[in-house]
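Below: one structure, written as structure tokens.
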Amino acid sequence: MLKKKAKTWDKPFSEKIAKRVAKIPTGELEQWVDNAIYDVGRCLSSYQRNREQVYLDEAVIGAEALHAVVEELHKRMTRV
């Protein structure tokens with residue numbers, strides 16, 4: 001039996017995030033975009049006030065989620 005080569009994950013966000021985003025109904029994706037943008041902005045504002053690494057770490061996670069949600073929305077809208 002031939003083995004298939006595993007696909008390499010080459011996106012700037014985790015596969016775990018992509019799987020979670022894929023389960024979100026299309027009608028809710030825009031709200032998720034708004035929430036992710038808000039969260040990234042909140043984290044950056046907190047970082048500016050406190051200069052703690054934890055806020056940058058959270059901003060990165062939020063930015064990854066934002067990217068994943070926008071990419072999923074784009075993918076679904078181009079299939080229509």
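None of the figures in this text is laboratory data; all of them are computed from the coordinates on show. In this text, all values refer to a predicted model and were calculated from it rather than measured experimentally. Positions of Cβ are generated from backbone atoms using ideal geometry, with glycine treated the same way; all protein chains shown enter the neighbour counts.
Quick check for me: using +1 on Lys/Arg Cβ and -1 on Asp/Glu Cβ, what's the dipole size of the chain about its Cα centre, in debye to the nearest 20? Don't skip to the answer; put the middle values down first.
On the way: 15 positive and 12 negative charges, 132 e Å.
Result for the chain is approximately 640 debye, rounded to the nearest 20.
Taking neighbour Cβ counts within 10 Å as the exposure measure, how do Val33, Val40 sort from fewest upward? Let's see the in-between values first.
Working: Val33 16, Val40 19.
Fewest-to-most ranking of Val33, Val40: Val33, Val40.
So which GluC sites (Glu not before Pro) in segment 7-80 are both in a DSSP loop and have at most 13 other Cβ atoms within 10 Å of their Cβ?
Numbers: sites: Glu15, Glu28, Glu30, Glu52, Glu58, Glu64, Glu71, Glu72; in loops: Glu52.
The qualifying sites are Glu52.
When you take every Cα atom in the chain, what is the radius of gyration, and what is Dmax, the widest Cα pair distance, in Å?
15.7, 59
So if we plug the beta-carbon distance of Gln31 and Lys11 into 1/(1 + (r/R0)^6) with R0 = 22 Å, what FRET efficiency do we get, rounded to 0.05?
Numbers: r = 22 Å, r/R0 = 1.01.
With R0 = 22 Å, the Cβ-Cβ based efficiency is 0.50.
Could you name the lysines in cross-link range of Lys23, using Cα to Cα under 23 Å and dropping any fewer than eight places away on the same chain?
Lys7, Lys11, Lys75
If one takes the longest principal axis of the Cα atoms in the chain, at what angle in degrees, from 0 to 90 and to the nearest 10, does the Cα axis of helix 26-50 lie?
40
For segment 8-13, in order, what is each residue's ³J(HN,Hα) by Karplus, 6.51 cos²θ - 1.76 cosθ + 1.60 with θ = phi - 60°, in whole Hz (x at glycine and Pro)?
Couplings: 8, 7, 10, 9, x, 9 Hz.
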